[in-house]
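The values are calculated or read from the model by the stated rules, or taken from the named source; none is laboratory data. From a predicted model like this one, the values you see are computed outputs, not experimental measurements. So basically every Cβ, Gly included, is an ideal-geometry build from the backbone, and we count neighbours across all protein chains shown. The accessibility values were calculated without ligands, DNA or RNA, using every heavy atom of the protein model including side chains. Shrake-Rupley method; radii C 1.70, N 1.55, O 1.52, S 1.80 Å.
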Amino acid sequence: MSNSSLACGQTVLSTKVDGTRRPLILPHYFPSTFLLMENTVYGFADKLCKDYSGAFWDFYEISNGGFYMAPNLKGLMAIEVPFGNSYRGTMSADALGIIACLYAYSALAEQHPESNYGDFYWHLRNFADNHAEASAIFSAID
């Protein structure tokens, strides 16, 4: 487990999904919209990071019931939010994944109000509270 944060007095941890569970994890969390969710996340990563041109993505389960995915890339990524707050900065690929998922969950919650995307947004946002790059993450989404 890695990347802990505090939510409601409890430690929230992420666990990387191992290779044997990878093919089943997106349909598990997003049964009827997993392809839409995955492509929406990739689309936001592409919009947020000019240097992003595709990658293998790691999947993470969060102990509060959440989920996120992040590109498996090394080094810092230049991030620019071309909509909303015009944030510019650098952060890890893990933080880029969190931001892309938060934007995707928010957009998909609006498109599919009967879904649980809003819950996934708040689970991930709570996890991000004490992420090592929390300040950059919240600057990029708020």
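Things worth noting here:
- Residue check for Y42: out of contact with any Pro (no Cβ under 6 Å at 6 or more places or on another chain) and more than 14 Å from A136 (Cβ to Cβ): yes
- Subset of region 82-117 [modelled with pLDDT of 95 or more and of a type in the set (S, T, N, Q)]: T90, S92, S106
- Residue under evaluation S86, criteria (1) within 19 Å of N116 (Cα to Cα); (2) without any contact (Cβ under 8 Å) to a residue 60 or more places away in the chain; (3) among the polar types (S, T, N, Q), criterion not met: (1)
- Residues located in region 49-69, provided they are surrounded by 15 or more Cβ atoms within 10 Å (Cβ to Cβ) and under 18 Å from L124 (Cα atoms): W57, D58, F59, Y60, E61, I62, S63, N64, G66, F67, Y68, M69
- When region 100-142 is filtered for residues that are open to solvent by 50 Å² or more (accessible area, probe 1.4 Å) and not in a helix (DSSP H, G or I), the ones remaining, listed by number, are P113, E114, N116, D129, N130, A132, D142.
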